[in-house]
Amino acid sequence: MLGRARGRVAIAACIGLSVLVSCGDPFATPQRDTASLRSQANLAAEYPSSRQKTRSWRDATDAALWASGAQMDSVFAVGLKARAAVVGNLNGRRLATEADLTEGKAMLATEPGVQITLQNDKIALVRVKIPSPQALSRIRQHPNVSYVEPALVANFDIQTGDSGCSWPAGGGLYQVDSSGDLLPRAYVDALVDRAWAYSNGQGEWIGHVDTGLNGHADFLSNWATGQSSGRPAVVQSSTIGGWVPCSHGTRLASILASPRNGEGPQGVAWKANLRDIQFSNNPWEVTGTDAYQATADAINFPSRVIVMPWTSVTNHEAIGDLIRFAHQSLDIVFVAAAGTTFGAWNQNNVLFPAELPEVLAVSAANFDGTRDIQSHYGPELDLVSYQSITSVGEYFASISNAANSSAATALVGGVAALVRARYPSWTNTMVENRLRATAGAPCGKTTAFGPIVNAEAAVGGICVPNAKPVGPSAFLFDHVASGDTRTSVTAQYCVYPTGGTGPIEITWTNGSHANCRSVTFSRGNYTTLVTVQVRDTGASLSAFPFVLQVTIEDLDSSCPTCV
């Protein structure tokens, strides 16, 4: 499992979506802080260690910072701090005292023409209109100032991870569930359907910051129908208002919590409640103030899981401070996309806000375990989920195929809600650690770039270490002429499942029920399977098979004349 980096790394960068193709660099380039990166131990050699990191306005020159802010009415976010502190709000602890805040605000008030437009004392943030580049320079140098960054940016570098409005219709790979709902293969492979024996998300509020909801029946008349009956109506808000032309938010909300009612795609947490915040009409055009306000809106509502399937190539410290404060002080689990990029831009990096230690970073895999070629990866990555997920379509009753790191993030966000509902007394850190600890090799499948989420194990279902019987996977019979006259070989295979409501029932193919069994293999050239079925007798689930393929090779058969 990858270890979480606790430092912050920033490199040179430019603002604007054009960075995904090419752009000039107005920033000075700081040294790469390798100590803050996660261990690369379980990244495959095919994934290079060089990284193009998100950028920070701390590294911009005064001229570059002013040029960007001046394009949008010269409104800047100013983070305040104690004079002796390096930064202001760190990991939820406000390092600026009331006296520090008073001093910082007094300094701003003495600058001619500076207008304060917003204050948030919880994260020591003041939003101001600055009249000149000279005033900006003086403010940046003040000992009570932690950072200054543009509060408004046109054609912002925040994006929802893909085109979002043009996912193909018709749905991805799916089957029809026993309830009559569509069951995406991504759910089956991540064991989401088995997790439902333990949790359906009932009572949990999921905050979803995205492009809003179109008029689909799943979020209106059908929301609390079927097995999803009894939950409150979807709560919607918008930082921008107006019509919702893009269905990115609708489709991901469907993955999160669409009803289980026999009428179409169902959500991962189909009994959970949904708070949906629209912060953009178009995934390519989001302003910094809208992103800040939408994040604050999600935090202020009592959602214990907040899903953010959008990314930025810039570290926006005001938004980061909000997340840090809410993670430590309000017990919120944050889940965000590692990033999705079309084209040749470097993808071996996890983008903001997923790069933050307080956020679960999610990337996407194909069903064969290979990385979705458009999804980002890197040392900060926490979890991987399958993409190509059947969701509701554009409007009304159509269905769609959602993909890339956005869709994977929605699936993991739904699983986080399942865990919170199953263990309501757990803290956010306990939930995050549970998701990480049960993903990948400990309980199931992994990839070269990150561990696959295991929904069943995460909610307390069965975890089978290594996801197969433990024992030899190959045997070689040497030449008889060399003294190997064996006609067979016997080996022991074991399985040690944990979890479930129990007791756990273990059944090998020969009918034995112990943790271990002996298997005898005859001499020859062939492959065979060692299979064991594990069942949680306390849950209404069928036994789940765990299989190890064993290869037997006989050198006499493959080369009779060899000695």
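The values are calculated or read from the model by the stated rules, or taken from the named source; none is laboratory data. As the structure is a prediction and not an experimental result, all values here were calculated from the model. Cβ atoms come from the backbone with ideal geometry, glycine included; neighbour counts cover every protein chain shown. SASA here: full protein model, heavy atoms, side chains in, ligands and nucleic acids out. Shrake-Rupley method; radii C 1.70, N 1.55, O 1.52, S 1.80 Å.
Listed values, structure above:
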| item | result |
| --- | --- |
| Positions within region 203-221 being assigned to a loop (DSSP other than H, G, I, E, B) and either of a type in the set (A, V, I, L, M) or under 15 Å from Gly393 (Cα atoms) (or both), in sequence order | Thr211, Gly212, Leu213, Asn214, Gly215, His216, Leu220 |
| Residue satisfying condition, being over 30 Å from Tyr174 (Cα atoms), in contact with an Asp or Glu (Cβ under 9 Å, 6 or more places away or on another chain) and open to solvent by less than 10 Å² (accessible area, probe 1.4 Å), within set Val392, Val313 | Val313 |
| Condition met for Arg324 (touching a Lys or Arg at 6+ places or on another chain (Cβ under 6 Å) and surrounded by fewer than 24 Cβ atoms within 10 Å (Cβ to Cβ)) | no |
| Scope region 327-346; condition buried (at least 24 other Cβ atoms within 10 Å of the Cβ) and on the phi < 0 side of the Ramachandran plot; matching residues | Val333, Phe334, Val335, Ala336, Ala337, Ala338, Thr340 |
| Residues located in region 440-492, provided they are of a type in the set (S, T, N, Q) and under 30 Å from Val350 (Cα atoms) | Thr446, Thr447, Asn454, Asn466 |
| Residues satisfying the stated conditions in region 52-75, i.e. touching a strand residue (DSSP E or B) at 6+ places or on another chain (Cβ under 8 Å) and of a type outside the set (S, T, N, Q) | Arg55, Trp57, Arg58, Asp59, Ala60, Ala64, Leu65, Gly69, Met72, Asp73, Val75 |
| Residue list for region 128-146, filter: touching a strand residue (DSSP E or B) at 6+ places or on another chain (Cβ under 7 Å), more than 17 Å from Val75 (Cβ to Cβ) and either open to solvent by 10 Å² or more (accessible area, probe 1.4 Å) or assigned to a helix (DSSP H, G or I) (or both) | Ser146 |
| Hey, Val235 among the β-branched types (Val, Ile, Thr) and crowded, with 18+ Cβ neighbours inside 10 Å or not | no |
| Neighbours by Cβ (under 7 Å, 6+ apart or cross-chain): first from region 69-83, at pLDDT 90 or above; second open to solvent by 20 Å² or more (accessible area, probe 1.4 Å) and among the basic types (Lys, Arg) | Ser74/Lys129; Val75/Arg127; Val75/Lys129; Ala77/Arg127 |
| Some residue of region 101-112 being open to solvent by 50 Å² or more (accessible area, probe 1.4 Å), among the charged types (D, E, K, R) and at pLDDT 90 or above | yes |
| Candidate set from region 385-441 (those that are in a loop (DSSP other than H, G, I, E, B), farther than 23 Å from Gln202 by Cα and not small (Gly, Ala, Ser)); member that is nearest to the chain's Cα centre (by Cα) | Gln387 |
| Residue list for region 203-232, restricted to those being surrounded by 16 or more Cβ atoms within 10 Å (Cβ to Cβ) and small (Gly, Ala, Ser) | Gly207, Gly212, Ala217, Ala224, Gly226, Ser228 |
| Hits in region 295-310 - residues which are surrounded by 24 or more Cβ atoms within 10 Å (Cβ to Cβ) and part of a helix (DSSP H, G or I) | Thr295, Ala298 |
| Among residues of region 504-528, those that are open to solvent by 60 Å² or more (accessible area, probe 1.4 Å) and either in contact with a helix residue (DSSP H, G or I) (Cβ under 9 Å, 6 or more places away or on another chain) or within 29 Å of Ser482 (Cβ to Cβ) (or both), counted | 6 |
| Pair list, Cβ < 8 Å and 6+ apart or interchain, from region 505-527 residues that are farther than 22 Å from Ala539 by Cα and touching a residue at least 12 places away in the same chain (Cβ under 8 Å) to residues that are open to solvent by less than 60 Å² (accessible area, probe 1.4 Å) and assigned to a loop (DSSP other than H, G, I, E, B) | Cys516/Val495; Val519/Gly471 |
| Extreme residue, nearest to Thr311 (Cα to Cα), among residues of region 370-384 that are open to solvent by less than 20 Å² (accessible area, probe 1.4 Å) and part of a loop (DSSP other than H, G, I, E, B) | His376 |
